[in-house]
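Peer 1: The structure follows.
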Amino acid sequence: MDGQEAVVERFDAIVVGAGFAGMYMLHRLRERGLSVRVFEAGNDVGGTWYWNRYPGARCDVESVEYQYGFSEELVRGWTWTERYAAQPEIMRYAAYVARQLDLRRDIQFNTRVTAAAYDESSNNWTIETDQGDRVTAQFCIMATGCLSASRVPEIPGLDSFKGDWHHTGAWPHEGVDFTGKRVAVIGTGSSGVQSIPLIAEQAERLFVFQRTPNFSLPALNAPMAPDYVEHWKEHFMAERKRVRATNSAAFIPLNDQSALEVDPEERQRHFEERWKKGGFVFITSYNNILDNLEANRLTADFVREKIRQTVKDPKVADLLAPTNHPIGTKRLCLDTNYFETYNLPHVTLVDIANTPIERITPDGLIVDGHEYQVDSIVFATGFDAMTGALLRIDIRGKDGLSLRDKWEAGPRTYLGLAIAGFPNLFMITGPGSPSVLVNVIIAIEQHSDWIMDCIDHLRANGLNEIEAEPDAEDRWVKHVNEKADSTLYPLANSWYLGSNVPGKPRVFMPYVGGFANYDKICKEVVAKGYEGFRMG
Ligand SMILES: Cc1cc2nc3c(=O)[nH]c(=O)nc-3n(C[C@H](O)[C@H](O)[C@H](O)COP(=O)(O)OP(=O)(O)OC[C@H]3O[C@@H](n4cnc5c(N)ncnc54)[C@H](O)[C@@H]3O)c2cc1C
């Protein structure tokens, strides 16, 4: 960035992104009287839900949980209709919040931040956008999202394809009609699992290209009874406070018993009971599923058996039943009729585990020398998770240090909130924090509140700058790794580890030590005078 160019505007804080993180951060900063500009690449609020408009997109944390908890007024004023809200309803919720808090006036839409550079002499960040903006602010807050940098795999020949193609994470606003079409879906993670049954309802022919099978649990989505909704409005604030003090940060009750200490009949009965409830309640059937291989195998066996009971063709069932990773160590999916879809005569599962897609032709895709002719391709191939959105921005800290260089061997942060060498820059749900392993809205609120308190502290004490110390960052990175290594998570090739992006360093990115433990650490850091930070 050339320091000589004119700066157009100056703010106290810049927030990048207007998903749930950016929206709440804006509200908090404005409440304290700071001048703020939010830059958002999309043309509305909602983040994830603005971009992911594919058929079947819904939350997999129950709707009543998947909402802000900082304002009882907001909770009481909004009525969810389904157990797992679909994308349009969540977008309506985001619009409702934006309206109630009058957020839009400080958000500049259709504007992508391309660069951010720190000037040590003024303690300011200069931010540049693809619309030619050049603004400065003392604080730069990255609310860029863990799952916002969508990724189309590099398969030769895509340019030559005559049909249409879409990524689930950048779905056309007007929708896509697959009626009468031959469709290829590539990818069987959450987006694939959610969209495949609905695409199959329209398409004349559907080919699903699967590299890795995933565990999926039945969502048992349904409209919510009005008295259930009312019950939640009544009890939400107390319940949210209660779950924020737990490590799972979820309303779901954990059975605090080892899967190995009960006899097989009792275990089967308990699994069955939880399975019938639908949702993630199944994965908390026992307390050691995610850190004991045998407990995990027993749980996975139960799910594999369910898949085999559902899918009629035993060969297809075998391909769909995951055996290459412990259950829960890749993002678990929730589905509606996913496995049933493979019983339909016009749906074909194509295993690409050992024979990847060779290339795309004008008419389709070639696997193992065979051409699958299709009219449309859907890339349900996920995201460059957790670091992608940050690294797509040219971020430069002290002495011109580039974040891309600093994170060449994987992300390094202090608490997932700050980075040594990058003063006055904060991340909401950055790598090294619980983020995607918990209800992300809870993680967002906790981070935004911490950042706000920190800025308050600096202002109250006449301080201009805060920066994570390198040794505090080293200790945190070590702690995050040790926590991950004490679980089964690193045994899977997952996007938590960056394994879905060729060449991305293998580092376990989210913090698995539990939300309440993490929150306590963040509070202790403050209580000890921002331990591990240098202020000036
Ligand atoms: C399909 C799907 C389903 C999900 N379901 C759940 C769920 O059930 N429960 C749960 O807890 N979490 C879920 N998540 C995770 C979800 O990402 C979070 O719940 C939450 O929406 C994250 O909010 P955010 O504001 O942090 O990020 P996002 O919602 O991703 O928003 C980030 C915003 O930043 C913008 N942005 C990024 N880079 C730039 C830039 N350089 N310049 C300008 N703007 C930029 C993006 O356009 C985006 O709008 C889901 C994610 C996906 C993809």
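The values are calculated or read from the model by the stated rules, or taken from the named source; none is laboratory data. Here the structure is a predicted model, which means the values were calculated and not measured. When we count neighbours, we look across all protein chains shown, and the Cβ atoms used for this are built from the backbone with ideal geometry, even at glycine. Surface accessibility is based on the protein's heavy atoms, side chains included, excluding ligands, DNA and RNA. Shrake-Rupley method; radii C 1.70, N 1.55, O 1.52, S 1.80 Å.
Peer 1: Hey, can you rank 383-394, 114-125 by average C-beta count inside 10 Å, highest first?
Peer 2: Averaged packing, sorted descending, gives the order 383-394, 114-125.
Peer 1: Largest first, what is the accessible-area ranking of 330, 276 with a 1.4 Å probe?
Peer 2: Working: 330 35, 276 135 Å².
Of 330, 276, the descending order of accessible area is 276, 330.
Peer 1: Express the C-alpha Rg of region 230-365 as a ratio against the empirical globular expectation 2.2 N^0.38 Å, rounded to two decimals.
Peer 2: My calculation over the Cα atoms of region 230-365 gives 1.32.
Peer 1: Kindly provide the helix-only [θ] at 222 nm of the chain, computed as the sum of -39,500 (n - 2.57) over DSSP H runs of four or more divided by all residues, to the nearest 500 deg cm²/dmol?
Peer 2: On the way: 15 runs with 166 residues, N = 536.
Helix contribution divided over all residues of the chain: -9500 deg cm²/dmol.
Peer 1: Taking just the alpha-carbon atoms of region 292-332, what radius of gyration and Dmax come out, in angstrom?
Peer 2: So, for region 292-332, Rg and Dmax equal 10.5, 32 Å respectively.
Peer 1: Can you figure out the FRET efficiency of residue 112 with residue 255, using R₀ = 41 Å and their beta-carbon distance, to the nearest 0.05?
Peer 2: Values: r = 46 Å, r/R0 = 1.11.
Step by step, r from the Cβ atoms, then E = 0.35.
Peer 1: Counting only protein heavy atoms, what percent of the accessible surface of region 177-272 is carbon or sulfur at a 1.4 Å probe? Walk me through the numbers before you get to the answer.
Peer 2: Values: 2460 of 4590 Å².
That share works out to 54 percent.
Peer 1: So if I take the centroid of the Cα atoms in region 115-148 and the same for region 49-75, what is the distance between those two points in Å?
Peer 2: So the two Cα centres are separated by 28 Å.
Peer 1: I would also like to ask the following. Which whole-angstrom value gives the distance between the alpha carbon centres of region 229-243 and region 415-468?
Peer 2: 27
Peer 1: I would also like to ask the following. Between residue 162 and residue 312, take the C-beta separation as r, use R0 = 30 Å, and let me know the FRET efficiency to the nearest 0.05. Write out the running numbers ahead of the final one.
Peer 2: Values: r = 34 Å, r/R0 = 1.14.
Given R0 = 30 Å and the Cβ-Cβ separation, E is 0.30.
Peer 1: Along its principal axes, what span do the Cα atoms of the chain show, with the longest given first and each in whole Å?
Peer 2: 69, 57, 45
Peer 1: Per residue, how much accessible area does region 137-284 have with a 1.4 Å probe, in Å²? Mind showing how you got there, number by number?
Peer 2: Details: 6840 Å² over 148 residues.
Averaged over the residues of region 137-284, the accessible area is 46 Å².
Peer 1: To the nearest 20 debye, what charge dipole does region 108-211 have about its Cα centre, counting +1 at the Cβ of each Lys and Arg and -1 at the Cβ of each Asp and Glu? Don't jump to the answer; show the numbers that get you there.
Peer 2: Details: 8 positive and 12 negative charges, 93 e Å.
Around 440 debye, computed over region 108-211.
Peer 1: Sticking with this structure for a sec: Using only alpha carbons, build the gyration tensor for region 17-59 and give me the equivalent ellipsoid semi-axes, biggest first, whole Å.
Peer 2: On the way: eigenvalues 129, 22, 4 Å².
In descending order, the three semi-axes are 25, 11, 5 Å.
Peer 1: Quick check for you: which residues of region 79-112 have the amide N under 14 Å from the point 7 Å beyond the Cα of residue 228 toward its beta carbon?
Peer 2: Residues passing the 14 Å test: 80-86.
Peer 1: Any idea what the relative contact order of the chain is, in percent, if you count C-alpha pairs under 8 Å spaced at least 6 apart?
Peer 2: It rounds to 19 percent for the chain.
Peer 1: With a cap of 12 neighbouring Cβ atoms within 10 Å, and only residues DSSP puts in a loop, list the trypsin sites (Lys or Arg not before Pro) found in region 132-232.
Peer 2: The qualifying sites are 162.
Peer 1: Quick one: work out the % antiparallel among DSSP beta bridges in the chain, nearest 5. The partial results should precede the final answer.
Peer 2: On the way: 25 of 65 bridges.
For the chain, the DSSP antiparallel bridge percentage is about 40.
Peer 1: Need the C-alpha centroid separation for region 473-536 versus region 12-44, integer Å.
Peer 2: About 25 Å separates the Cα centre of region 473-536 from the one of region 12-44.
Peer 1: While we're on this one: Excluding residue 220 itself, calculate the net charge of residues whose Cβ lies under 9 Å from the Cβ of residue 220, where each Lys or Arg counts +1 and each Asp or Glu counts -1. Working shown, then result.
Peer 2: Values: positive: 83, 276, 277; negative: none.
Counting the neighbours of residue 220, the net charge comes to +3.
Peer 1: Please report the net charge: other residues with Cβ closer than 15 Å to the Cβ of residue 449, K and R +1, D and E -1.
Peer 2: Numbers: positive: 28, 30, 32, 240, 241, 244, 520, 523; negative: 31, 445, 453, 456, 519.
Residues close to residue 449 contribute a combined charge of +3.
Peer 1: Oh, and also: Taking the Cα centre of the chain as origin, sum charge times position over the Cβ atoms of Lys and Arg (+1) and Asp and Glu (-1), and report the length of that vector in debye to the nearest 20.
Peer 2: On the way: 56 positive and 73 negative charges, 56 e Å.
The dipole magnitude comes to about 280 debye.
Peer 1: Same structure again: At a probe radius of 1.4 Å, what is the per-residue accessible area of residue 275, in Å² to the nearest 10?
Peer 2: 40
Peer 1: Also, quick follow-up: If I histogram all Cα-Cα distances within region 1-145 using bins 10 Å wide from 0, what percent of pairs lands in each bin?
Peer 2: Percent of pairs per bin, in order: 11, 39, 30, 15, 5, 0.
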